[in-house]
Amino acid sequence: MSFNEEYKAITSLVNSDLEKLDFQIASYFSKKQDEHNEILPIINEFFAHKGKRIRCVLIFLFVKALNKEIDDFCLKIAAATEIIHNATLIHDDIIDCSIMRRGKKTINFDYDSKLAVLCGDYLLAEVLKILADTKDERIRKIYSDSVSRMILGEIKQYFNRFKILSIEQYL
């Protein structure tokens, strides 16, 4: 069985949860349509071209493995995870001067890098609101630490871009 076939079989266990997640994410941005009508079409277009959503699949599978329901809290956490991931993809496309993402032109290519940075930053700001709604200090700490470490990793990668690293340095 190929990876795609295996992945499809695994995700079939959480397809209805992924649909709820898509609705949840779309609802975050549709509520703000009047406020941010300049960038929301760009963000909605970016989210329309979904990736594999492995992080969310893992969250849902883990919750189900604990014999728990995928509730509102779980959907918020999955949405925050997916939005952070997409914000980092937008920023990564800028850093790498990428032209294509998921078979579609990148925001930085279609518009420019300045607008792409702002779109990625806007997504991260929206995640802060989602996490604030969870009322769980541990979750906010975990996510803020994770995003910080991720950005520091990107910075380290930038400064090491022309260096040949040992395996220990790379890891």
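Just so you know, all these numbers are worked out from the coordinates, no wet-lab data involved. Worth saying up front: this structure is predicted, and the values here are computed from it rather than measured. Virtual Cβ from ideal backbone geometry, glycine too; neighbours counted across all protein chains shown.
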For this session: Please order 1, 150 by the number of other Cβ within 10 Å, starting at the fewest.
Result: 1, 150
Exercise. What is the order of 91, 49, 85, fewest Cβ neighbours within 10 Å to most?
Worked result: 49, 85, 91
Exercise. Along the Cα-to-Cβ line of residue 125, 7 Å from the Cα, sits a label point; which residues in region 134-153 have backbone N less than 18 Å from it?
Worked result: none
Exercise. Reachable lysines from residue 114, Cα under 26 Å, same-chain residues fewer than 8 places away excluded?
Worked result: 31, 32, 50, 104, 105, 129, 156
Exercise. So how do 136, 22, 71 line up by other beta-carbon neighbours within 10 Å, fewest first?
Worked result: 71, 136, 22
Seminar exercise, completed: Placing each pseudo-label 7 Å from Cα in the direction of the beta carbon, residue 164 and residue 24 end up separated by a distance in nanometres of 4.7 nm
Seminar exercise, completed: Here the FRET efficiency for residue 48 versus residue 13, based on Cβ atoms and R0 = 25 Å and rounded to 0.05, is 0.55
Exercise. Taking the chain as a Gaussian network, where each spring joins two C-alpha atoms under 10 Å apart, which residue of 75, 13, 131 fluctuates the most?
Worked result: 13
For this session: Please say if region 86-171 is rounded, prolate or oblate, where rounded means a/c under 1.5 for a ≥ b ≥ c the square roots of the C-alpha gyration tensor eigenvalues, and otherwise the choice is prolate for a/b larger than b/c and oblate otherwise?
Result: oblate
Exercise. Based on DSSP H assignment, which helices of the chain show an axial Cα extent of at least 20 Å together with a mean Kyte-Doolittle hydropathy greater than or equal to -0.5?
Worked result: 15-30, 72-95, 113-133, 137-159
Exercise. Once all Cα-Cα distances of region 28-77 are split into 10 Å bins that start at 0, what whole-number percent is in each one?
Worked result: 21, 35, 31, 12, 1
Problem set entry | Cα-projected label distance for residue 134 with residue 97, points at 7 Å along beta-carbon direction, nm | 3.8 nm
For this session: Could you check which residue among 56, 119, 97 shows the biggest mean-square fluctuation in a GNM of the chain with a 10 Å Cα cutoff?
Result: 97
Exercise. Tell me, what is the percent relative contact order of the chain, built from C-alpha pairs under 8 Å that lie six or more residues apart?
Worked result: 18 percent
Seminar exercise, completed: CD proxy, 222 nm, the chain: helix-only mean residue ellipticity via -39,500 (n - 2.57) per DSSP H run with n ≥ 4, per residue, nearest 500, stands at -23000 deg cm²/dmol
Exercise. Across 5 Å bins from the origin, how do the percents of Cα pairs in region 3-133 run, short distances first?
Worked result: 2, 10, 20, 21, 19, 14, 9, 4, 1, 0
Exercise. Taking the highest mean first, how do the peptides 3-11, 109-117 order by number of other beta carbon atoms within 10 angstrom per residue?
Worked result: 109-117, 3-11
